[in-house]
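Shown next, in structure tokens, is the structure this report addresses.
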Amino acid sequence: MSLYSIKTENLLNVTNWVKETKKRGQENSIMKNPFYWKFKTIKTKKDLIIVIDARPVLPNFSFMGWFCGAVFLILWGVSALLIPCIFVGCMGIFWTADFLFFMTKRALRKQGYKGPIKRIKHADLIREVIL
């Protein structure tokens, strides 16, 4: 589960993207929607803060690649069997907030938004919204 916040300008492109992604998040097909999404939008003076909680539908299986790679390394030493294990282990990046922020940024750019997209820390979010 990844929880991250972004700050954008309060434009129609961004709000349309949030609405479309919320709607797509209700699909049951893993091909159309590989994530469970939750969005919370907060409007400030001229900016829009979007708090995103994203969970991939598939569980994080990357630890199995590292585990199997360690077993193969102990039993047989360095062999070609390590390559797929390392590949599966490196797939853990798909469950991080950094990767999801990168993909969110790409989706907003594809939607036609050309303004700044800034990832904000949770402390800054609390300071700006609550305090």
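This table checks each residue for (1) modelled with pLDDT of 85 or more; (2) under 18 Å from Arg119 (Cβ atoms); (3) of a type outside the set (S, T, N, Q).
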site	(1), (2), (3)
Met1	no, yes, yes
Thr8	yes, yes, no
Leu12	yes, no, yes
Trp17	yes, yes, yes
Asp53	yes, yes, yes
Pro56	no, no, yes
Cys85	yes, no, yes
Thr104	yes, yes, no
Mind listing whichever residues of the stretch 106-120 are within 28 Å of Leu58 (Cβ to Cβ) and either without any contact (Cβ under 8 Å) to a residue 60 or more places away in the chain or loosely packed, with under 12 Cβ neighbours inside 10 Å (or both)? Arg106, Arg109, Lys110
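Here's a check for you: in the stretch 66-105, which residue that is among the hydroxyl-bearing types (Ser, Thr, Tyr) and not in a helix (DSSP H, G or I) is surrounded by the fewest Cβ atoms within 10 Å (Cβ to Cβ)?
Looking at the filtered set, the residue picked out is Ser79.
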Hey, among the residues in the stretch 21-38 that are of a type outside the set (S, T, N, Q) and either part of a loop (DSSP other than H, G, I, E, B) or under 15 Å from Lys105 (Cα atoms) (or both), which one's modelled with the highest pLDDT? Pro34
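The values are calculated or read from the model by the stated rules, or taken from the named source; none is laboratory data. Here the structure is a predicted model, which means the values were calculated and not measured. Neighbour counts run over all protein chains shown; Cβ positions are idealised from the backbone, glycine included.
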